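K.L.:
Quick one: the structure is below, and I'll ask about it shortly.
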Amino acid sequence: MRAVVDRFNASQDRLWVRYFSTGTIDQKAMIAIAGGDPPDILGLGNFSIPAYAESGAILPLDGLAAKAGIRREAYAPAVWPMLTHPTAGAPWNAGGTPRLYGMVNTCGALAMFYNRAIFREAGLDPDRPPRTIDELDETHRKLCLFEGGGTRPGDGRPLLRAGFLHTEPDWWTWHWGYHFGGSLYDSSTDRATAAMPDNVRAYQWMQTYPRSLGVQRVVQFQTGFGFYGTAEHPFLAGKIAMTNQGPWLANVIKQYKPDLDYGVAPFPVDTQMYDPDRPVGLLDCDVLVIPRGAKHPEASFEFIAFTQRPENIEFLSAAHGKNSPLVSQSPGFERDHANRYVAVHSKIANSPRAFIFPRTRTWQEYVSEFNALQQRMWRLEIEPGAGLAQVQAVAQAQLDRVADARRRRAGA
C-alpha cells in the first residue's frame, strides 16, 4: 500500500498523501471522528460500513465516484454490495436507498487449499479434489493418519494428521451454512436466520468430525499447531491436508514452504448445490472511506480514485496474493501472478453465489455470539438446533434494539 501511495505522490504535484498503519483501527477511527480530528482517509474492513454509515461517521461517495467515472459494472457482482448501505436512518427493509460509502482496497475469495503430495500418498488423484460435502468427508477419512500408521480413529491412538478440520482456521465460524444453502440474515425483513434448517444441517455435519475422531483427541492434536505466517502453520507442516483459506495463504507458502505441492479448488458444497460454473465462497474485502469531518473530501477521493485504476488494483492485489475485485483483468494479471491458483479465487469472486458478511450494524455482536457457540458445538456440548436458536434469539434482540433506536431517531 505504501508503494501505491508513492505512485500517487509521484503522479502529480498538488497533493501529498502520508501513509500510517495502526492496530485496532475500528475503535481508534471512531474516537478520532467523534473528537472532530479524523484522518483524511480510513482503511476499514467492509463489515464496518453499516455501523459507520448509520452513525453518520463516514461520507457517502456516490457523487464523487460518478464524477470520477467509477461504475458498479466494473466490479465483481458481490463487491459493490460490500461498499454500500441504505441512507442513514433507513434500513434495507424500509426501502432505504443504497448509498456508496467506500471503495475496495483489496479483495479475497475463500477456497480450499489441499496438499497434492498427501493426496498421492493416500492413493488419491491430486487433480481431482473433493467437490461435494460427501466427497470431502470420504477424502478426509482417507487422509487421516494416526500414531503407528493407522488410518482408523477407533483404536484410541493419537492423531498425527487430519484430512480437514472446520476450526483450522477458526476465523470464520459462521459461514458453513452457506455451503448448504443457508444464510444468517434476511435484509428484506431485518431478521436473523441462524436457526434455519440449512444452517442446522451444516453444523450437524461439522459435529461429525469431532464425534468420529474424539473431542479430546482433536483438542490435543490442535494444541500442537503453529501460528499463521510461520513454517509451523498446520497446512504447511502437513498436519492438515485440506483447509479453507483466502488467496493470501499463497504468500505464506511462497515464503515459508516454496516447494509445497498444493492445489486450490472451490470449497465443496452440499451435493444438490454442486455446479462447477457457480462456485460458492465467502468474498471479503478491505475498504477505503472518507470520515465525517475530513477537511478536503474531494482531494481525499482523488487518491481513492487513483487506487481504483486497474493497474493499481492489480499491483496491490498481486502483492497480496489476491484476486482482483474487478470483473476484467489485464492479459498478464493471472499469467504473471505469484499465486498460481489466483484464477480459482477470481472465478469464486465473480460467481453469482459468492456471499459476503451480513450487512447489518449489529454484525460484530452477532458473530461474537456465533464464535462462542462454535466452540461449544465443536466440543459436542450443545446440539446445533438448540445452539443456533439461542444465537438467533440474541441476534434478533440486537437487531430489534437497533431498529427501535433508528425509529426513535427518525421521529425526533
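Bear in mind these aren't lab numbers, they're just calculated from the coordinates by the rules spelled out. Nothing here was measured: the structure is a model prediction, and the numbers come from that model. With ideal geometry, Cβ positions are generated from the backbone for all residues, glycine too; neighbour counts draw on all protein chains shown.
K.L.:
Could you give me the ³J(HN,Hα) list for region 358-374, computed from phi with Karplus coefficients 6.51, -1.76, 1.60 and θ = phi - 60°, whole Hz, x at Gly and Pro?
P.N.:
Here the 3J(HN,Hα) series is x, 8, 9, 5, 8, 4, 4, 5, 4, 5, 4, 4, 5, 4, 5, 5, 4 Hz.
K.L.:
Please give the calculated 222 nm ellipticity per residue for the chain, where each DSSP H segment of at least 4 residues contributes -39500 (n - 2.57) and the sum is spread over every residue; nearest 500 deg cm²/dmol?
P.N.:
So the helix-based figure for the chain works out to -12000 deg cm²/dmol.
K.L.:
When DSSP assigns beta bridges and you keep just the ones with both residues in the chain, what percent turn out antiparallel, to the nearest 5?
P.N.:
Working: 26 of 30 bridges.
So the antiparallel bridges amount to about 85 percent of the total.
K.L.:
Beta carbons within 10 angstrom, averaged per residue: use that to sort the peptides 99-112, 265-278, highest first.
P.N.:
99-112, 265-278
K.L.:
Taking the Cβ of residue 340 as the center, what net charge do the other residues with Cβ under 11 Å away carry, scoring Lys and Arg +1 and Asp and Glu -1?
P.N.:
Details: positive: 254, 335; negative: 334, 336.
It works out to a net charge of 0.
K.L.:
Ok, one more. Using alpha-carbon positions, what is the distance between the centroids of region 119-196 and region 318-381, in Å?
P.N.:
Using only Cα atoms, the two centres lie 17 Å from each other.
K.L.:
Summing +1 for each Lys or Arg and -1 for each Asp or Glu, what net charge is found among the other residues whose Cβ lies under 15 Å from the Cβ of residue 13?
P.N.:
0
K.L.:
Give the aspartates and glutamates whose C-alpha is closer than 14 Å to that of residue 254, dropping any in the same chain fewer than 8 places away, or say none.
P.N.:
Excluding near neighbours in sequence, the set is 232.
K.L.:
Given a Förster radius of 41 Å and the C-beta distance between residue 254 and residue 5 as r, what FRET efficiency does 1/(1 + (r/R0)^6) yield to the nearest 0.05?
P.N.:
0.95
K.L.:
Please work out the C-alpha center-to-center distance from region 200-222 to region 7-71 and express it in whole Å.
P.N.:
First find each Cα centre; the distance between them is then 42 Å.
K.L.:
Obtain the nm distance between the two label points defined at residue 278 and residue 401 by a simple spin-label model: each point lies 7 Å from its Cα along the Cα-to-C-beta direction.
P.N.:
So the two model labels end up 3.8 nm from each other.
K.L.:
Something else about it: Of 254, 239, 67, how do they rank once you tally other Cβ atoms within 10 Å and put the fewest first?
P.N.:
Placing the least packed residue first, the sequence is 67, 254, 239.
K.L.:
Further question on the same structure: What list of ³J(HN,Hα) values in whole Hz, one per residue of region 397-403 in order, does the Karplus curve 6.51 cos²θ - 1.76 cosθ + 1.60 (θ = phi - 60°) give from phi, with Gly and Pro shown as x?
P.N.:
The phi angles translate into 4, 5, 4, 5, 4, 5, 4 Hz.
K.L.:
Right, another one. Taking the Cβ of residue 267 as the center, what net charge do the other residues with Cβ under 15 Å away carry, scoring Lys and Arg +1 and Asp and Glu -1?
P.N.:
Surrounding charge for residue 267 is -3.
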